[in-house]
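Contents: one structure, followed by commentary.
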Amino acid sequence: MKKIILLAVILISLKSYSQQQADLNSFNRERNRITRNGMITLAGWSAANLIYSGIATGQTHGTNLYFHQMNVMWGGINLGLAALGYLGIKNKDGMTLGQSLKQQSGVEKTYIFNLGLDAAYIASGFYLKERSRNPSVKNPQKYKGYGESIILQGAGLMLLDGVMFTIHNFHGKKIYKLMEKTQVGFTGNGLGVIVKL
């Protein structure tokens with residue numbers, strides 16, 4: 001009788017573990033899908049900058065010329081970053097709960113860091129724009145055009161990074177529900193794992 005009970009407990013534990021692993025795999029795939037969509041959005045923003053400002057660069061002068069020149073530069077860099085980000089996403093089934101938590105935390109921290117960078121871009125754009133008013137500046141139109149472009153690009157990236165952080169943060173809360181099903185603790189004889197069914 002003890003062998004039958006032990007076998008039943010083992011089978012139930014294996015089923016519960018395989019269900020938890022399937023839930024973790026689904027959670028990780030969804031996080032990667034969200035990130036891929038963000039990289040596609042960044043690539044679209046980049047392509048729009050490259051195409052529109054690429055055409056406008058040949059048709060404008062003064063401040064507008066420099067504005068579009070900077071947009072083309074940002075578009076190229078952002079398109080490269082979007083491509084690297086998209087290609088770097090790999091679905092890895094079989095990650096542990098700890099690995100999944102670490103990955104989720106890393107993604108959220110990246111977007112928080114990016115929001116800080118975006119604020120710095122906007123501030124530097126306002127600095128260039130303000131600097132263009134200084135009479136000692138040799139080419140004020142360049143400073144103003146570059147500054148306005150950097151403000152626009154920083155604001156666009158801030159919007160994207162803010163939305164991506166919010167979506168990832170909301171998605172990340174699902175992992176805590178998975179954690180509630182598993183408890184690890186010390187028993188009188190050693191370490192114990194409890195999986196709620």
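The values are calculated or read from the model by the stated rules, or taken from the named source; none is laboratory data. Remember, it's a predicted structure, so these values are computed and weren't measured experimentally. Every residue, glycine as well, gets a Cβ built from its backbone with ideal geometry; the counts of neighbours run over all protein chains shown. Each accessible area value is taken on the protein alone, full model and side chains, heavy atoms only, with ligands, DNA and RNA left out. Shrake-Rupley method; radii C 1.70, N 1.55, O 1.52, S 1.80 Å.
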Glu148, sole failed condition from (1) open to solvent by less than 70 Å² (accessible area, probe 1.4 Å); (2) out of contact with any Leu (no Cβ under 9 Å at 6 or more places or on another chain); (3) among the acidic types (Asp, Glu): (2)
Residue in region 126-142 that is open to solvent by 50 Å² or more (accessible area, probe 1.4 Å), under 29 Å from the mean Cα position of the chain (by Cα) and at pLDDT 95 or above present: yes
Failed item, numbered, when Asp161 is tested on (1) outside any helix (DSSP H, G or I); (2) at pLDDT 95 or above: (1)
Selection within region 58-72 - free of Cβ contacts under 8 Å to residues at least 40 places away in the same chain and either buried (at least 17 other Cβ atoms within 10 Å of the Cβ) or among the hydroxyl-bearing types (Ser, Thr, Tyr) (or both): Thr60, Val72
Scope region 48-57; condition free of Cβ contacts under 8 Å to residues at least 24 places away in the same chain and open to solvent by 30 Å² or more (accessible area, probe 1.4 Å); matching residues: Ile51, Tyr52, Gly54, Ile55, Thr57
Residue list for region 31-75, filter: within 21 Å of the chain's Cα centre (by Cα) and among the hydrophobic types (A, V, I, L, M, F, W, C): Ile34, Met39, Ile40, Leu42, Ala43, Trp45, Ala47, Ala48, Trp74
Subset of region 111-125 (residues that are polar (S, T, N, Q) and either under 14 Å from Met70 (Cα atoms) or surrounded by fewer than 17 Cβ atoms within 10 Å (Cβ to Cβ) (or both)): Ser124
